[in-house]
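Everything below concerns the one structure shown next.
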Amino acid sequence: MKIVVAIKQVLERDAQVRIDTAGTWIDESGYQYEMNEPDAYALEEALQLREAQGGEVIVVSAGPERVGTTIREALAKGADRAIHILCDDFGARDALGVARLLAAAIQPENPALILTGLQSEDLGYGQTGVILAELLGLPHASLILHVEITGTGLKVKRELEEGWFQFVELPTPAVLTIQSGGNKLRYATLMGIKRAKSKETRLVAAAELATDSIPVVRLEQVSLPRKQKSTQILTGTPQEATAALVEKLKFEVRVL
Amino acid sequence: MSGIFVVMEQQKGCISSISWEALAAGQQLGTQLGQSVCTVLVGAQTGELANEFTGKPLGRVVCVEHPLLGQYTADGFTLALHQLVQSEAPAYVIFPHTYQVRDYAPALAARMGQVLIGDVVEIGEGPIFKRQLLQGRMDGVYRPTGNGPCFLSVQSGAFHPAQTEGNASSIQDTTSVVPQTSHDECRALAPVSVFTPILDPAQIRTSPGEPFRDAVQTVDLGSAQLIVSVGRGIKDAGNIPLVAELATALGAELAASRPICDQGWLPAERQVGSSGHTVSPKLYLAIGISGAIQHLVGMKGSQCIVAINKDPDAPIFEVADYGIVGDLFEVVPALTAAVKAAKQ
């Protein structure tokens, strides 16, 4: 089975947020970047399917040159080859603009299955997989924890809210957005890192894909969140702070 | 293009509470723009649901009905609502931000060359729409710049249905929607009409099964009065006993954020957040939890929230009543000792 996994490189988790002078995004200098965690789960699902069924896993990622490190990580974990859509205006594109790029790069591959994480940890739109399916004219299922290949297509376990699940059956080719936690993530082995160096990463300039990039939704301004509650910060040594907290829990919250 | 459509969602045969919040957002936008608000129900039979509007001073109600809409599918809902939006040309279509909406609304918007602005927490003059970025560490203001209908979904808890005052100006239009339209026998105050989309079974490519729960629930977080909850900050499964001991000292239930359950460090039934439980205890003590939106929606209704985190900028402090900024590996043992001492 030929599987394409769309992965995104995102800002390291818990990085201190510094807003740029224009107030339209963060000041990107000096940050570390990593693979979007839900996409890592999508990659893991793809690798396990290939190990069980045979086939090929191709990762595709859009973004500037730095995205190469995340692509190499995916190759080191076991993906067979990669497509890097080189795109310096990535941040200016809306969800549809990005999905159009991915769709144009994926379409010629004609995969049986396209996987991606359910959402990104930076923008958190949670739309790329669903829009991809729409653009490619394929059926989809979202928030998937487990994928089973059946005689007629796929049987997938979909997460619903508040601890409920359902099985959904759908034909291939299809697009699935993968929820985290369905599998254990693997680490790249030394051997994997060595092998990745000889694997193919095809660079495609975004302009070559000739997709419409005019956004219909614009992120106009960013700011640090304002507090919804006035938090009382208890200071001092751990002993002092916790003693103060116990006082609050006893006399104000009245739970002790 | 004018008017605001709010697509309500049902849960166990009733309109879900977050749908009323979406309606409140629609009414706020309607007042701001001087546009009418129309409530949309989708299903095989929606008469019962439409009865929930009885006595409420709402604008128009449109019931999108078809036998193929009895069970939710992305294909069915996208096709049906696409036909409705094309036929009615509203300026705004608002959804509650639920798993179901996330499954089809992005496709519906894309089919019309538009992009859903998801998880909106605030509507400003313009209109502009605020949503959270970087897992709640930054806010972003979005402006629609397309020429089609603008699609939005609103975050749980962001708009208050108590403010769902009727938009009197909108209780006017009683005209039929399309030729197939017939008046429903519902006795709602609002004029209710039925829209019948043209759907073919072959267009529905997925077949969904019945919802189920994974395992027998051994803990009832929903009714717990005290909850100690642990997040990524705990670093390793071997450190869980540290917080378990605090929970025991307090007589609290132990809970966790999603990553802890994903790793298998605590069972999924102890997970709080949009994909786990929604809790509202007297005390919610969040340890090493940064406070991503998905977690906050599950616990922000707690009466008192205490956060212990090494990062003073962690979003959890935006909702916390009390906070201790520090290393949980020092603070938690000290707190356990202090609680034990106080209980003696």
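Using the alpha-carbon centroid of each, what span in Å lies between segment A:201-241 and segment B:279-318?
After rounding, the separation between the Cα centres reads 19 Å.
So what's the angle, to the nearest 10 degrees on a 0 to 90 scale, between helix B:240-250 and the longest Cα principal axis of chain B?
90 degrees
Based on alpha-carbon centroids, what's the gap between segment A:74-149 and segment A:1-72 in Å, whole number please?
Distance between centres, Cα-based: 11 Å.
Which order results if A:Leu96, A:Leu101, B:Leu68 are arranged by neighbouring Cβ count within 10 Å, fewest first? Don't skip to the answer; put the middle values down first.
Working: A:Leu96 28, A:Leu101 22, B:Leu68 18.
Ascending number of Cβ neighbours within 10 Å: B:Leu68, A:Leu101, A:Leu96.
Pop a pseudo-label 7 angstrom from the Cα along the beta-carbon direction at both A:Ser230 and B:Met112 and give the gap in nm to one decimal.
In this crude spin-label approximation the distance works out to 4.4 nm.
Add +1 for every Lys or Arg and -1 for every Asp or Glu among the other residues with Cβ under 15 Å from the Cβ of A:Leu75, and state the total.
Numbers: positive: A:Arg50, A:Arg72, A:Lys77, A:Arg81, A:Arg186, A:Lys194, A:Arg195, A:Lys197, A:Lys199, A:Arg202; negative: A:Asp39, A:Glu44, A:Glu56, A:Glu73, A:Asp80, A:Glu200.
Charge balance near A:Leu75 sits at +4.
How do B:Tyr72, B:Tyr99, A:Tyr31 rank when sorted from fewest to most other Cβ atoms within 10 Å of their own Cβ?
Numbers: B:Tyr72 17, B:Tyr99 20, A:Tyr31 14.
Result, fewest neighbours first: A:Tyr31, B:Tyr72, B:Tyr99.
Excluding residues on the same chain fewer than 8 positions from A:Lys227, give the lysines whose Cα lies under 23 Å from its Cα.
Straight-distance partners of A:Lys227: A:Lys248, B:Lys130, B:Lys282, B:Lys300, B:Lys310.
For segment A:77-164, what class follows from the C-alpha gyration tensor (a ≥ b ≥ c being the square roots of its eigenvalues): rounded when a/c is under 1.5, otherwise prolate if a/b is larger than b/c, else oblate?
Oblate.
In vacuo Debye scattering of chain A, one point per C-alpha: log10 I(q)/I(0) at q = 0.07, 0.09, 0.12, 0.14 Å⁻¹?
Those come out to -0.31, -0.48, -0.76, -0.95, one per q.
From the C-alpha gyration tensor of the protein assembly as shown, pull out the three semi-axes of the equivalent ellipsoid (sqrt of 5λ each), sorted largest to smallest, in whole Å.
37, 33, 23
What do you get when you divide the Cα radius of gyration of segment B:15-60 by 2.2 N^0.38 Å, with N the number of residues? Could the numbers behind the result be given before it?
Working: Rg = 11.3 Å, N = 46, 2.2 N^0.38 = 9.4 Å.
Compactness ratio reported: 1.20.
Label-point separation (nm) for B:Gln217 and A:Thr24, each offset 7 Å from Cα along Cα-to-Cβ?
Each label point is offset 7 Å from its Cα along the Cβ direction, giving 4.8 nm.
Rounded to the nearest whole Å³, what is the per residue volume of the convex hull around the Cα atoms of segment B:202-344? It would help to have the intermediate numbers written out before the result.
Working: hull volume 19.0 nm³, N = 143.
Taking only Cα atoms, segment B:202-344 has a hull volume of 133 Å³ per residue.
For segment B:4-203, report the translational diffusion coefficient in µm²/s to the nearest whole number, using Stokes-Einstein at 4 °C, 1.567 mPa s, and a Kirkwood Rh over Cα pairs. Don't skip to the answer; put the middle values down first.
Values: Rh = 16.8 Å.
Rounded to a whole number, D works out at 77 µm²/s.
Return one number: the angle in degrees, 0 to 90 and rounded to the nearest 10, between the long axis of the Cα atoms of helix A:67-77 and the longest principal axis of the Cα atoms of chain A.
It works out to around 70 degrees.
What's the extension gain from B:Ala342 to B:Ile240 if we count 0.36 nm per residue and subtract their Cα-Cα distance? Don't skip to the end; give the middle numbers.
Values: separation 102, 0.36 × 102 = 36.72 nm, distance 2.31 nm.
Once the chain is fully extended between B:Ala342 and B:Ile240, it gains 34.4 nm.
Please list, or write none, the lysines whose alpha carbon is within less than 26 Å of the alpha carbon of A:Lys197, excluding same-chain residues fewer than 8 places away.
By straight Cα distance, A:Lys197 reaches A:Lys2, A:Lys8, A:Lys77, A:Lys184.
Beta carbons within 10 angstrom, averaged per residue: use that to sort the peptides B:200-210, B:227-237, highest first.
Values: B:200-210: 13.3, B:227-237: 21.2.
Output ranking for B:200-210, B:227-237: B:227-237, B:200-210.
Label segment B:22-125 by shape, choosing from rounded, prolate and oblate, from the square roots a ≥ b ≥ c of the eigenvalues of the Cα gyration tensor; if a/c is under 1.5 it is rounded, and otherwise prolate applies when a/b is larger than b/c, oblate when it is not. Can you show the working numbers first?
Working: a/c = 1.66, a/b = 1.10, b/c = 1.51.
Judged from the Cα gyration tensor, segment B:22-125 comes out oblate (a/c at least 1.5, b/c at or above a/b).
I'd like the orientation of helix B:17-33 relative to chain B: the angle between its Cα long axis and the longest Cα principal axis, in ° from 0 to 90, rounded to 10.
With both axes taken from Cα atoms, the answer is about 60 degrees.
Ratio of Rg to Rh for chain B, alpha carbon only, Kirkwood? Don't skip to the answer; put the middle values down first.
On the way: Rg = 22.7 Å, Rh = 21.9 Å.
Using Cα coordinates only, the ratio equals 1.04.
Can you give the translational diffusion coefficient of segment A:1-109 in µm²/s, computed by Stokes-Einstein from the Kirkwood radius over Cα pairs at 25 °C and 0.890 mPa s? Don't skip to the end; give the middle numbers.
Values: Rh = 14.9 Å.
Diffusion coefficient, whole number: 165 µm²/s.
Would any residue of segment B:240-279 have its amide N under 13 Å from a label point 7 Å out along Cα→Cβ of B:Lys12? List them or say none.
Under 13 Å, as judged by backbone N against the label point of B:Lys12, lie B:278 of segment B:240-279.
Report, as an integer, the average count of C-beta atoms from other chains found within 10 Å of each Cβ along B:312-323. Intermediate results must be reported in sequence, preceding the final value.
Working: counts 2, 5, 1, 3, 1, 5, 7, 4, 7, 7, 12, 7.
Averaged over the peptide's residues, the number is 5.
Which whole-number percent of Cα pairs in segment A:159-202 have a distance greater than 15 Å? Display every interim value, and only then the final one.
Numbers: 655 of 946 pairs.
Pairs farther apart than 15 Å: 69 percent.
Taking other Cβ within 10 Å of each residue's Cβ, how do B:Lys12, A:Lys77 sort, fewest first? Write down the numbers at each step before the final one.
Working: B:Lys12 5, A:Lys77 22.
By the 10 Å Cβ count, ascending: B:Lys12, A:Lys77.
With label points built 7 Å along Cα→Cβ from the Cα atoms of A:Ile149 and A:Tyr187, find their separation and express it in nm.
It works out to 3.0 nm between the two label points.
Read-outs: derived from the displayed coordinates by stated rules, not from any lab. Note that the coordinates shown come from a computational prediction; the quantities given were computed from them, not determined experimentally. Using ideal geometry, Cβ is built from the backbone for each residue, glycine included, and neighbour counts are taken over all protein chains shown.
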